[in-house]
């Protein structure tokens, strides 16, 4: 399991998960990121920050 930072690496806007397209999209400048945080389309050049995560009981624990 992987947790992904919601901050676009271009200018720090909050990205939105597009469930139907299975990608993150930045509403500010239309950068797109894969589910694993990798850049699909610029202007962002750096992947989203990712963190390891795991399910423990009914909680999701994220290591940052």
Roughly how many whole Å is it from the C-alpha centroid of segment 8-29 to that of segment 33-64? 12 Å
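Which value results when the Cα radius of gyration for segment 2-63 is divided by 2.2 N^0.38 Å? Spell out each step's value before the answer.
Working: Rg = 12.1 Å, N = 62, 2.2 N^0.38 = 10.6 Å.
Against the compact-globule rule of thumb, the ratio is 1.15.
A short reminder: the numbers here are calculations on the coordinates, not readings from a lab. Worth saying up front: this structure is predicted, and the values here are computed from it rather than measured.
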